[in-house]
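One structure is given below, encoded as structure tokens.
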Amino acid sequence: MTEQTFDTPDTNPVRRGEQLDWPRLAAYVREQLATGRQLENFDAAAEMQVEQFSGGHSNLTYLLRFGACELVLRRPPFGPVPPRAHDMAREFRILAALHPVFPLAPRPYLLCEDAEVAGATFYLMERRRGLVVRGVEPPQLAENPPARRHASAALVETLVQLHGVDIGAHDLAALGKPAGFVTRQVGGWAQRWRGSQTSALPEMDQLALWLEEHLPPETERPALVHGDYKLDNVMLDAKSASRVVAVFDWEMSALGDPLVDLGILLCYWVHAAAPHMAGDSLASVTGHHGWYTREEIVEHYAARSGRDLRHLTFYEVFAVFKLAVVVQQIYFRYRRGQTDDPRFATLGERVAWLAQLAAEMIEVS
């Protein structure tokens, strides 16, 4: 096994402290895939080469190469994780059910629940190629307002397409029960907040209470919900930013109220980057000229989906609260010494900023 720099901008050498047992992993993958029934180009005789995808603050994602065959490995972060979080087996099963009816979800190949192989449950899926926009725009979008606008439209249109999948016509019942979805979401994320606190933050406690007291009516049109739909979980065509080629990170997906996804998209689009933290990997680039405004996202989604957005403020506040909890869980792991990634050292400030932001959103609603 070798760690090597590939000719791709979204991978890097494996970060310190995030190495796996590469020989054991390579032997396992060869044993499972050598028959070639799933992957015709899998070269069991080739040395396994490894890189790590650079984005993300939570689950670990690696690129494995066996000759011309490329595989993506997903596993939880190191150290203890919150109950029911980072469930790779569930994400694998979601992709297996979803890929046939929503091909933008990558095809999964192999699930391993034997923690002896890579330290935790993991799965392998297909590699997609294209543009993933994070803290810095790729050349195809930088200083190109028309391309930014096309990318914005494609992102919203893809969300409408996802929410338009007929969940009754496909065998998707295993993804969850739509009834009570938002209530369970609010209660679950409030519980995660209480379980990951590192200091008192009254604004978060008040937000949890406000959300419980302002639950919207049950949706009459439940849909597939991605759960973390944002710009850097979508891959654009490198030749045409007006086309989405993949949607990633389905760990939080379920059947329920699709406006949860719209709230999350808006949260990351216009709120995720605190002014004094604009250089980090959570920062949004969508303030540049050409990207949709918040109003344009809402108008496009409403026109194409036909959904009632009267309670949109609730979904936006919930999205910011949820993001604050996600960030806090990462910061909690950092404070407990379960990771020493320097990117996480100032995340406590981000949590406080997000809590204040959500409180201000309520005040002006």
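Numerical summary
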item: Every residue from the range 220-271 that is closer than 26 Å to Arg184 by Cα, assigned to a loop (DSSP other than H, G, I, E, B) and not charged (D, E, K, R); result: Pro222, His226, Gly227, Tyr229, Phe248, Trp250, Met252, Ser253, Pro258, His271
item: Checking Arg107 against (1) of a type in the set (Lys, Arg); (2) more than 21 Å from Arg65 (Cα to Cα); (3) at pLDDT 95 or above, the condition it does not meet; result: (2)
item: Test: residue in the range 31-54 that is basic (Lys, Arg), modelled with pLDDT under 95 and over 30 Å from Tyr331 (Cα atoms); result: yes
item: Top-ranked residue of the range 290-306 - restricted to ones that are of a type in the set (Gly, Ala, Ser) and free of Cβ contacts under 8 Å to residues at least 60 places away in the same chain, ranked as surrounded by the most Cβ atoms within 10 Å (Cβ to Cβ); result: Ala302
item: Residue list for the range 298-350, restricted to those being part of a helix (DSSP H, G or I), of a type in the set (Val, Ile, Thr) and more than 18 Å from the chain's Cα centre (by Cα); result: Val298, Thr313, Val317
item: Qualifying residue in the range 148-157 (condition: under 25 Å from Thr35 (Cα atoms), part of a helix (DSSP H, G or I), touching a residue at least 60 places away in the same chain (Cβ under 8 Å) and of a type in the set (Asp, Glu)); result: no
item: Residue within the range 193-207 that is surrounded by 19 or more Cβ atoms within 10 Å (Cβ to Cβ), under 21 Å from the mean Cα position of the chain (by Cα) and either outside any loop (DSSP other than H, G, I, E, B) or among the hydroxyl-bearing types (Ser, Thr, Tyr) (or both) present; result: yes
item: Failed item, numbered, when Leu175 is tested on (1) over 20 Å from the mean Cα position of the chain (by Cα); (2) assigned by TED's automatic domain parsing to the domain that holds Pro258; (3) at pLDDT below 95; result: (1)
item: Enumeration of residues in the range 285-333 that are in contact with a Gly (Cβ under 6 Å, 6 or more places away or on another chain) and small (Gly, Ala, Ser); result: Ala319
item: Filtered residues of the range 150-203 (kept if of a type in the set (S, T, N, Q) and under 20 Å from Leu104 (Cα atoms)); result: Ser152, Thr158, Gln161
item: Test: residue in the range 8-28 that is part of a loop (DSSP other than H, G, I, E, B), at pLDDT 95 or above, under 16 Å from the mean Cα position of the chain (by Cα) and surrounded by 17 or more Cβ atoms within 10 Å (Cβ to Cβ); result: no
item: Residue count, the range 122-140 (criterion: more than 30 Å from Ala26 (Cβ to Cβ) and either assigned by TED's automatic domain parsing to the domain that holds Gly306 or of a type in the set (Gly, Ala, Ser) (or both)); result: 1
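Conditions (1) at pLDDT below 95; (2) buried (at least 20 other Cβ atoms within 10 Å of the Cβ); (3) within 22 Å of His150 (Cα to Cα), marked per residue:
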site	(1), (2), (3)
Thr183	no, no, no
Leu209	no, no, no
His214	no, no, no
Gly256	no, yes, no
Met277	yes, no, no
Asp280	yes, no, no
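Here is a yes/no grid of residues against (1) closer than 17 Å to Glu51 by Cβ; (2) surrounded by fewer than 20 Cβ atoms within 10 Å (Cβ to Cβ):
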| site | (1), (2) |
| --- | --- |
| Gly67 | yes, yes |
| Arg75 | yes, no |
| Phe78 | no, yes |
| Phe92 | no, no |
| His99 | no, yes |
| Cys112 | no, no |
| Ala115 | no, yes |
| Met125 | yes, no |
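The values are calculated or read from the model by the stated rules, or taken from the named source; none is laboratory data. Nothing here was measured: the structure is a model prediction, and the numbers come from that model. Counting neighbours? That spans all protein chains shown, and the Cβs are built from the backbone with ideal geometry, glycine included.
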